[in-house]
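The values are calculated or read from the model by the stated rules, or taken from the named source; none is laboratory data. Keep in mind that this is a model prediction, so the values were computed, not measured. Don't worry about glycine lacking a Cβ; one is built from the backbone with ideal geometry, like all the others, and counts go over all protein chains shown. Protein only, heavy atoms only, side chains kept; ligands, DNA and RNA dropped before computing areas. Shrake-Rupley method; radii C 1.70, N 1.55, O 1.52, S 1.80 Å.
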Amino acid sequence: PTLLRHPSIDGSYWDLLSSANSAAELTCLISQVFPTSCFTPNARKILQTFHNPSSFNLQTMSTGWRRIGVPVTKEEEPKRYRWTAEQVLQKLPPDYAVQGKVYMVTGGHSGIGYETTKAFVANGATVIIASRRQAAVEEAMSRIKTEHPDAKMVFVQLDLSDLEKVQQCVRDFEATGLPLHGLICNAAAQITDFEYTKQGFEMQFGTNHVGNFLLIELLVNHLAKSGPHSRIALVSSGAHRSSPVRFDDLDFQGGKVYDKWLSYGQSKSANIICTRALNGAYAAKGVEVFSLHPGGIVSGISTLGPELALQMNFVNEAGETHPGLKTCPEGAATQTYAVTSPELEGKGGAFLKDCEIQDPETEFTQDKTGENGKRLYEMSLQWVQPFMK
């Protein structure tokens, strides 16, 4: 333990590591679960000494599928683990039905965003798809219309990495004259190399937190006008366990000590801790805010690429997909649940996983005093103030 310097070594990981049956299995688990940057040079030498890959077969390792925090067998799956977005919407009582309502889904043209869009329009809602990629959105709309010819969808351009373009997105939305009943902040920069946004924020933090924060601030009054039951969902990730918000070094010393995984984790921790503060600011307006982890999704394999997918154990060396990964319709369920379910009425600020309220996985994101969220909220208000006009 003294050789590891990683913020996500919590109880669940120690339980996993303690399940190893040999030194070889233990070191294999450690080196597979955590990237090289998590270890001191001395720790790397020890791992190399004890772990001989030629004498250990990952495919036969009894704990091989247990490294990414998802179930291995059907018996281990929570009750709602395999719910789909469509099933969530079908369960809604009439007062909460989405028919005739309008929802904005950022990145609503691909992955779980696409499945969210498709489920909502299939149930009579209008979806505003906010994305940088107009051609990709138009192609996605065309596919949806082949199944649902009456689907109502509108494209608005959105680049969360540029706060001026976030402003323009909201103006374009306002020009449609449509109301807004729910906002799903689904789009994200994911595991990118170091660079700055136009306004000088580290790219993943600037996109995933600051851009979303401004979008929410500019749209909240539209949501308030469309109540009751107006909601905002901030899509976080299990990666929040990898890093807290580095309040005193958000850009990793100007990129000198940058780690793309820690950066992504920082941005996802920001989504979680800011949710409670946002909810506190908006609840009086009738708008509730939730953060969530959608789960490990099969589509993540193509996003990660074969090497990272193997490293993260989304696939094994035989090319088999982890049995606990969710399909995209299943991955879309929790964000759909967040903005629609009557079970969540009055519970704004909560973190969701598998279509139920759960605790985030780190002490920092659990934020029991609320001080982390309050600090980030106040800083964020200052950052976006010039773009609130």
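Is the shape of the stretch 151-289 rounded, prolate or oblate, going by the alpha carbon gyration tensor and its root eigenvalues a ≥ b ≥ c, with a/c under 1.5 for rounded and a/b larger than b/c for prolate?
prolate
Can you work out the FRET efficiency for the pair D95 and A284, with r the C-beta to C-beta distance and R0 = 25 Å, to the nearest 0.05?
0.70
Please work out how much length the chain gains when fully extended from E378 to E356, using 0.36 nm per residue of separation minus the C-alpha to C-alpha distance, in nm with one decimal.
Values: separation 22, 0.36 × 22 = 7.92 nm, distance 2.86 nm.
Answer, rounded to one decimal: 5.1 nm.
Computing the accessible area with a 1.4 Å probe over protein heavy atoms, can you report the carbon and sulfur percentage for the stretch 150-289?
Within the stretch 150-289, the accessible surface is 48 percent carbon and sulfur.
May I ask for the distance between the Cα centers of the stretch 103-126 and the stretch 270-328, given as a whole number of Å?
Taking the Cα centre of the stretch 270-328 as reference, the centre of the stretch 103-126 is 17 Å away.
Pairs K165/K326; K91/K145; K260/K285; K347/K374: which exceed 28 Å Cα-Cα?
K165/K326; K260/K285, as the Cα separations exceed 28 Å there.
Could you list the trypsin sites (Lys or Arg not before Pro) in the stretch 144-232 that lie in coil according to DSSP, counting only those with at most 16 other Cβ atoms within 10 Å of their Cβ? Can you show the working numbers first?
Values: sites: K145, K152, K165, R171, K198, K225, R231; in loops: K198.
Here the trypsin sites (Lys or Arg not before Pro) that fit, given the DSSP loop and packing criteria, are K198.
For I297, list long-range residues whose amide hydrogen, built 1.01 Å from N in the peptide plane, is under 5 Å from its own amide hydrogen.
Result for I297 returns K326.
For Q134 and Y196, compute 0.36 nm times the residue count separating them, minus their Cα-Cα distance, and round to one decimal in nm.
20.0 nm
Could you do me a favour and compute the accessible area per residue for the stretch 177-246, 1.4 Å probe, result in Å²?
For the stretch 177-246, the per-residue accessible area is 29 Å².
Place a point 7 Å from the Cα of D248 along the Cα-to-Cβ direction; which residues of the stretch 363-389 have their backbone N under 17 Å from it?
Hits in the stretch 363-389 for D248 at 17 Å: 372, 375-376.
Rounded to the nearest 0.05, what FRET efficiency is calculated for T321 and E76 with R0 set to 25 Å and r the Cβ-Cβ distance?
0.90
How would C328, C169 rank on accessible area, largest to smallest, probe 1.4 Å?
C328, C169
Cα to Cα, under 22 Å, and not fewer than 8 places away if on the same chain: which lysines meet these conditions relative to K256?
Once the sequence-local lysines are set aside, what remains near K256 is K198, K268.
Grab the other residues whose beta carbon is less than 13 angstrom from that of S291, score K and R as +1, D and E as -1, and report the net.
+1
Per residue of the stretch 130-142, in order, report the coupling 6.51 cos²θ - 1.76 cosθ + 1.60 (Karplus, θ = phi - 60°) as ³J(HN,Hα) in whole Hz, putting x for Gly and Pro.
9, 7, 6, 9, 4, 4, 5, 5, 4, 5, 5, 4, 5
When all protein chains stay in place, what accessible area (Å², nearest 10, 1.4 Å probe) is found for Y196?
90
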